[in-house]
């Protein structure tokens, strides 16, 4: 399937913006949505004539439907949706504010479910389309200090695998993208684990474009992270825990400089005001 028109959530910065840039380099038209509507419009203006920026809070199903409808009204029928929007508060779960827990589930999980449902309602009758759900290596390797985030990304992985089974032989494709540490403000203050490397957002954007072209169903970025993730996920808990100790995986979110995350925390708090319920 050739992809010409793509919608991307969380498109104003980080992986979302990098994905938009990669799609544009590949000759596609893009519609980016973001809860920060002003930033989204500004990014679209910077990206050029084949980019459109629209406000979008993925927690609101009616707003999501309006976003997709307006996107198709501007660029034509969408060929793909990239569900990328997400947040990552960290710290011991016992001390996590319940409002933060609700926001993670509403954005990282419910937002992906809503986007996928609305995209499938468009793609299935047409007999083609591609849903790309951005999860995380945390969807395979759960680490201390990020319990709710890991839960949300495990949910995205399991959900997308189920959707892959439901859409088999329909012409609609799905991809799970599982990045490790990506150089954005989301990993501010994180400790670097052993055995892998921090990648630039462009690497994830390029991997998403490759998946749109090839139909790859599951993608790790960097690729070698897949070996580690599958090793941890596929071994008994005692062995998996020892591997995580060797990799310092549980130190990533617990032994870094948490004060360095204050700017990220303030941005998320300013953009997403409490649970939408």
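Key figures
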{"item": "Residue 91 at positive phi, surrounded by fewer than 20 Cβ atoms within 10 Å (Cβ to Cβ) and more than 13 Å from the chain's Cα centre (by Cα)", "result": "yes"}
{"item": "Residue ranges of helices (runs of 4 or more DSSP H) in the stretch 145-263 with at least 3 members farther than 23 Å from residue 32 by Cα", "result": "147-166, 225-233, 237-247"}
{"item": "Test: residue in the stretch 245-261 that is surrounded by 17 or more Cβ atoms within 10 Å (Cβ to Cβ) and either modelled with pLDDT of 90 or more or under 30 Å from residue 125 (Cβ atoms) (or both)", "result": "no"}
{"item": "Any hit, the stretch 185-194, residues being under 23 Å from residue 127 (Cα atoms) and surrounded by 17 or more Cβ atoms within 10 Å (Cβ to Cβ)", "result": "no"}
{"item": "Filter result for residue 22 (surrounded by fewer than 20 Cβ atoms within 10 Å (Cβ to Cβ), in a helix (DSSP H, G or I) and at pLDDT 95 or above)", "result": "no"}
{"item": "Flag for residue 242 being free of Cβ contacts under 8 Å to residues at least 12 places away in the same chain and out of contact with any strand residue (DSSP E or B) (no Cβ under 8 Å at 6 or more places or on another chain)", "result": "yes"}
{"item": "Residue match in the stretch 195-214 (condition: in contact with a helix residue (DSSP H, G or I) (Cβ under 6 Å, 6 or more places away or on another chain) and at pLDDT below 90)", "result": "yes"}
{"item": "Counted residues, the stretch 25-38 - those being in a strand (DSSP E or B) and surrounded by fewer than 23 Cβ atoms within 10 Å (Cβ to Cβ)", "result": "1"}
{"item": "Count - residues of the stretch 37-63 that are in contact (Cβ under 8 Å) with a residue 40 or more places away in the chain and in contact with a strand residue (DSSP E or B) (Cβ under 8 Å, 6 or more places away or on another chain)", "result": "3"}
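The values are calculated or read from the model by the stated rules, or taken from the named source; none is laboratory data. It should be emphasised that the depicted structure is a prediction, and the values quoted were computed from it without experimental measurement. Don't worry about glycine lacking a Cβ; one is built from the backbone with ideal geometry, like all the others, and counts go over all protein chains shown.
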